[in-house]
Amino acid sequence: MALDNGAFSEEEDFAAMFEESCKAQDSKSNRITEGEIVEFQEDENRALVGVGEKLEGMLSLDEIRQEDGTYKFNVGDKINVMVVGYYNERPKISYKKVLEQEKTIEFIKANKDDYEDLVIEGIITKKNRGGYVVEVDEVNFFMPRSLAAFKETDNVIGRKIKAAVIKIDADDNSMVVSRRKLFNEDRKKKKEIVDALMADDNIVEGTVKKITSYGMFVDVGGVDGLVHYNEISYKGPVNPSKLYNEGDIVNVKAISYDKDKRHLSLSIKAVMSDPWVEVESELDEGDSITVTVSNIEPYGAFVDLGNDIEGFLHISEITWDKHIKNPNDYLTVGEEIDVEVIEINPDTRKLRVSLKLLQPKPFDEFSEKFKEGDVVKGTITSLTDFGAFVKVGTVDGLLHNQDASWDKGYKCKTELKVGEEVEVKIVKINYEDQKISLNSKTLQESPVDKFAAEHKRNEVVTAKVRDVKDFGVFVSLDGDLDALIRNEDLTPLVAEELEVGQEIRAVIAVIDTQRDRIRLSVKQLSRIEESAMLSEINDDSGHSLGDLIKDKLK
């Protein structure tokens, strides 16, 4: 690529600066001469080499040591060395510099006439006032500071870089490179590619370079773009690693470009025909379709319609069983099932299906098999503070605490266990609300029945006051059996004067086994006692009560 005159002049100035820096050294330095190895001084890690003028130069043994520890040369061998400086008037020499210069000359000869598009990749080895030295296979290139595109604070020594060759001077054996030029060319090339992609809405081939959890990077003509996981398939977000490998060739289309961030967004699904067009025209809510289970999650399953669209089967739509805990208990990945479409939303591109709607309704099955009054066995499925749910056939019925036992303090939650089998009576079927009421205490002997078998009407009993109400007093018989004394049957006692726990004598007025009720009467007890007393008086004296009164008045 040609450079304008201004840019070229700047590069020449830097090259000149580099050359002057080299010339500022001792004029006797940087000359190549033939020398003879005189002595190896391993303790000092150096060899003494005669370089003429009765001078012995110092050569680091590291420069001629081989991998096995031996040396390339022996005492008496003649080698070409470069005088690179002086120490206490003794020349410092380098064999390596001669090799580098030879390689530099070879590189210059090979590229001096055609280096316009030449790019080198090397290591930054030095930094000076003018810029940096970049080494490539022992060949040094000069990179001016203004063309390096580094921050002043960057630590770049040892860093591997690419740079464009912008000048080769065969006379001075010098070469200038620019990292900035390479950046500018890359940006220009990327802009041209992006502009072409965005302008023509082209479908192009790309190579998958890197796969991440959120998508994958695809190389399109030297520019990397991101295919987000939402842009891979019309199914929705997918895991790219399950569909592609690095190096795969894919067809993509550019969908957006952020100029500020220089981010190119690509799409694979934009290349394909939109399957939602087919869904909208071919499917209606209520249709039954055959699908394949593609993925199972704790909250439901995804099903494949076979046209790159997935539907969602929520856990509540898998079965009529309200106690489903894991969809894996009902479904298998790869299994084909028939489902009913319950929602199609083209705006959000969501399709919901139901499996249970194609299955018989449990309540309908229950209604055909059972009726009110049936005594059945069921299994407890859950326990609550107010009772227990018992599965009878295909549905759950409710067994309230008060319907589970004649014991008023009975709690299903503490007395029963989930999974336990119990015998219950179906007392009510609510067809409208699809609810079932159960009862188990009616299958047990009623305390009232038991009491009726042991006691009779007008029998005198002793009871304890349990509660005082506006209409009467509740009392306890035989420990926990309740009976009622209505206000009109309480005379001569007064309700307000009674205390809880106080004992009362009364007679049994009513035993109603059908309604499980017992009523007592203190008033009736008084009458019975009076009658008994009169009978006793008449029997003992043969006089009537009137006679006794007359005797008292005399």
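The values are calculated or read from the model by the stated rules, or taken from the named source; none is laboratory data. Here the structure is a predicted model, which means the values were calculated and not measured. Reconstructed Cβ throughout: ideal geometry from the backbone, glycine too, with neighbour counts over all protein chains shown.
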Conditions (1) among the hydrophobic types (A, V, I, L, M, F, W, C); (2) in a loop (DSSP other than H, G, I, E, B); (3) touching a helix residue (DSSP H, G or I) at 6+ places or on another chain (Cβ under 6 Å) -> residue 142 fails only (2)
Counting only residues in segment 429-450 that are of a type in the set (S, T, N, Q) and under 25 Å from residue 480 (Cβ atoms), the one farthest from the chain's Cα centre (by Cα) is identified as 446
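Could you please find all residues in segment 29-70 being among the acidic types (Asp, Glu) and in a strand (DSSP E or B)? Steps first, answer last, please.
First pass over segment 29-70, keeping only residues among the acidic types (Asp, Glu): 34, 36, 39, 42-44, 53, 56, 62-63, 67-68.
Within segment 29-70, 34, 36, 39, 56 qualify.
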For segment 104-116 the number of residues that are within 28 Å of residue 154 (Cβ to Cβ) and either part of a helix (DSSP H, G or I) or modelled with pLDDT of 90 or more (or both) is 2
Subset of segment 269-291, residues surrounded by 11 or more Cβ atoms within 10 Å (Cβ to Cβ) and among the small types (Gly, Ala, Ser), comes to 270, 273, 288
Those residues of segment 250-284 which are in contact with a Ser or Thr (Cβ under 6 Å, 6 or more places away or on another chain) and either more than 13 Å from residue 225 (Cβ to Cβ) or of a type in the set (Ser, Thr, Tyr) (or both) amount to 256, 265, 269
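Of 162, 189, 167, which residue is surrounded by 15 or more Cβ atoms within 10 Å (Cβ to Cβ) and touching a residue at least 24 places away in the same chain (Cβ under 8 Å)? If you could, list the steps in order and put the result at the bottom.
On the way: 162 fails: surrounded by 15 or more Cβ atoms within 10 Å (Cβ to Cβ); 189 fails: surrounded by 15 or more Cβ atoms within 10 Å (Cβ to Cβ).
Just one listed residue meets the conditions, 167.
Give segment 182-222 a look and list any residue that's basic (Lys, Arg) and touching a Gly at 6+ places or on another chain (Cβ under 8 Å), or say none.
Narrowing segment 182-222 to residues basic (Lys, Arg): 187-191, 209-210.
Listed by number, the residues that qualify are 189, 190.
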Among residues of segment 300-330 being among the charged types (D, E, K, R), surrounded by 14 or more Cβ atoms within 10 Å (Cβ to Cβ) and not in a loop (DSSP other than H, G, I, E, B), the residue modelled with the lowest pLDDT is 310
Exactly one of 226, 266 is part of a strand (DSSP E or B), in contact with a Phe, Trp or Tyr (Cβ under 8 Å, 6 or more places away or on another chain), surrounded by 15 or more Cβ atoms within 10 Å (Cβ to Cβ) and among the aliphatic types (A, V, I, L, M), and that one is 226
Looking at segment 21-42, can you tell me whether even one residue there is more than 30 Å from residue 185 (Cβ to Cβ), at pLDDT below 50 and among the aliphatic types (A, V, I, L, M)?
yes
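Regarding segment 90-109, can at least one residue be identified that is among the acidic types (Asp, Glu) and touching a helix residue (DSSP H, G or I) at 6+ places or on another chain (Cβ under 6 Å)?
No, the conditions are met nowhere in segment 90-109.
Name every residue in segment 401-426 that is part of a strand (DSSP E or B) and surrounded by 16 or more Cβ atoms within 10 Å (Cβ to Cβ), in order of residue number. Give the derivation first.
Start the filter on segment 401-426 by keeping residues that are part of a strand (DSSP E or B), which leaves 421-426.
If the condition is that a residue be part of a strand (DSSP E or B) and surrounded by 16 or more Cβ atoms within 10 Å (Cβ to Cβ), then 422, 424, 425, 426 are the ones that fit.
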Note on segment 381-394: residues in contact with a helix residue (DSSP H, G or I) (Cβ under 8 Å, 6 or more places away or on another chain) and either more than 23 Å from residue 361 (Cβ to Cβ) or at pLDDT 90 or above (or both) are 383, 384, 385, 386, 387, 388, 392
For segment 99-109, the count of residues that are surrounded by 12 or more Cβ atoms within 10 Å (Cβ to Cβ) and farther than 14 Å from residue 176 by Cα equals 6
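Right, residue 119: at pLDDT 90 or above, touching a Leu at 6+ places or on another chain (Cβ under 7 Å) and closer than 30 Å to residue 178 by Cα or not?
Details: at pLDDT 90 or above: yes; touching a Leu at 6+ places or on another chain (Cβ under 7 Å): yes; closer than 30 Å to residue 178 by Cα: yes.
So residue 119 fits the description; yes.
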In segment 368-413, residues that are of a type in the set (Asp, Glu), farther than 27 Å from residue 476 by Cβ and touching a residue at least 24 places away in the same chain (Cβ under 8 Å) total 3
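If you take the residues in segment 501-532 that are without any contact (Cβ under 8 Å) to a residue 24 or more places away in the chain and within 18 Å of residue 450 (Cα to Cα), which one is farthest from the chain's Cα centre (by Cα)?
Step one: filter segment 501-532 for residues without any contact (Cβ under 8 Å) to a residue 24 or more places away in the chain, giving 514-515, 527, 529-532.
Still in the running and within 18 Å of residue 450 (Cα to Cα): 514-515.
Details: 514: 61, 515: 59 Å.
That would be 514.
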Going through segment 459-480 in order, the residues found to be modelled with pLDDT of 85 or more and either under 60 Å from the mean Cα position of the chain (by Cα) or not β-branched (Val, Ile, Thr) (or both) are 459, 463, 464, 466, 467, 469, 470, 471, 472, 474, 476, 477
Residues that are exposed (fewer than 12 other Cβ atoms within 10 Å of the Cβ) and within 25 Å of residue 136 (Cβ to Cβ): does segment 192-213 have at least one?
no
Residues in segment 103-121 that are without any contact (Cβ under 8 Å) to a residue 40 or more places away in the chain and either within 14 Å of residue 167 (Cα to Cα) or not acidic (Asp, Glu) (or both) total 4
Worksheet item: Would a scan of segment 502-513 turn up a residue that is closer than 30 Å to residue 375 by Cα, of a type in the set (Asp, Glu) and in contact with a Ser or Thr (Cβ under 9 Å, 6 or more places away or on another chain)?
Response: no
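Condition first: in a loop (DSSP other than H, G, I, E, B) and at pLDDT below 70. Now tell me which residues in segment 509-544 satisfy that.
Just the residues of segment 509-544 that are in a loop (DSSP other than H, G, I, E, B), to begin with: 513-516, 542-544.
Scanning segment 509-544 gives 542, 543, 544.
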(message) When you scan segment 334-355, do you find a residue that is assigned to a loop (DSSP other than H, G, I, E, B), crowded, with 16+ Cβ neighbours inside 10 Å and at pLDDT 90 or above, even just one?
(response) yes
